[in-house]
1. Please work out which residue is surrounded by the most Cβ atoms within 10 Å (Cβ to Cβ), limiting yourself to segment 12-62 and to residues that are basic (K, R) and not in a helix (DSSP H, G or I).
2. For residues that are at pLDDT 80 or above, more than 17 Å from the chain's Cα centre (by Cα) and within 26 Å of Q52 (Cβ to Cβ), tally how many sit in segment 94-130.
3. State the number of residues belonging to segment 140-165 that are part of a loop (DSSP other than H, G, I, E, B) and surrounded by fewer than 10 Cβ atoms within 10 Å (Cβ to Cβ).
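The values are calculated or read from the model by the stated rules, or taken from the named source; none is laboratory data. All values derive from a computational prediction rather than experimental measurement. Backbone-built Cβ (ideal geometry, glycine too); neighbour counts: all protein chains shown.
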Amino acid sequence: MIITPMHPCLGARVEGVELAAPLDEAAFRRIFDAFQEHSVLVFPDQRLTDEQQMAFSRRFGPLETTISSIGQERHPNLVDLSNVDPQRADGLMGWDDRRMVYQSGNQLWHSDSSFKPVPAMASLLSGREVPPAGGETEFVSMRHAWATLPEATRRRLDGRVVVHSIL
C-alpha cells in the first residue's frame, strides 16, 4: 500500500489496496491512521458495489441512516446522488425534476450531516458514473482553518456549538 500526501494541509492518495476485498487489521489500521492524518483519502480505480462500500465504511464505525427524500435510495445507509435518468432521451434528469431540485443543494458549500446533533465522522463517496468534465467535489481542512485563527478567536469559540437547520 502506498500513501502519498496530496497537499500539506489536506488529502492523500492511497494506492495498492483493493477495497472490494476484506482488509486485514494491519491494512485497515494504515488506512485509518492516514485518514486521521490527512482527513481526505482518495482511492483511485476502485470498483465497489453498494454492499462492498458499506462493508468498508463500517470499519470506521456505525453507519448513519438516511431518510429517503427523493425515492432513489436502495439502502437506508446510502444516499444516491445522481442526475441519470434512462427514461429521458439525453439520459439526464431535467432541472425541473423534483429529484434534481432536492439535489441542487449539493451545488452549495456544505458539510455533510453538520445539521445533526452528532455530525458524521466522515463521508465515503464513490463516483460510479462521472462526467468527462465538471462534477468536482471540494474539500477543506477545518483543522487547518482552526489552527490559523487568532488565539483570541479560538479562546472565544472553544467549547461552543453551532446549531443550524438542514437548509
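1. Restricting attention to segment 12-62, the residues satisfying the condition of being basic (K, R) are 13, 29-30, 47, 58-59.
Pick out the ones that are also not in a helix (DSSP H, G or I) and you get 13, 47, 59.
Details: R13: 16, R47: 10, R59: 14.
This residue is R13.
2. 0
3. Looking only at segment 140-165, we keep the residues that are part of a loop (DSSP other than H, G, I, E, B), and these are 140-141, 148-150, 158-165.
Filter once more, keeping what is surrounded by fewer than 10 Cβ atoms within 10 Å (Cβ to Cβ): 150, 158-165.
Going through segment 140-165 one residue at a time, the tally reaches 9.
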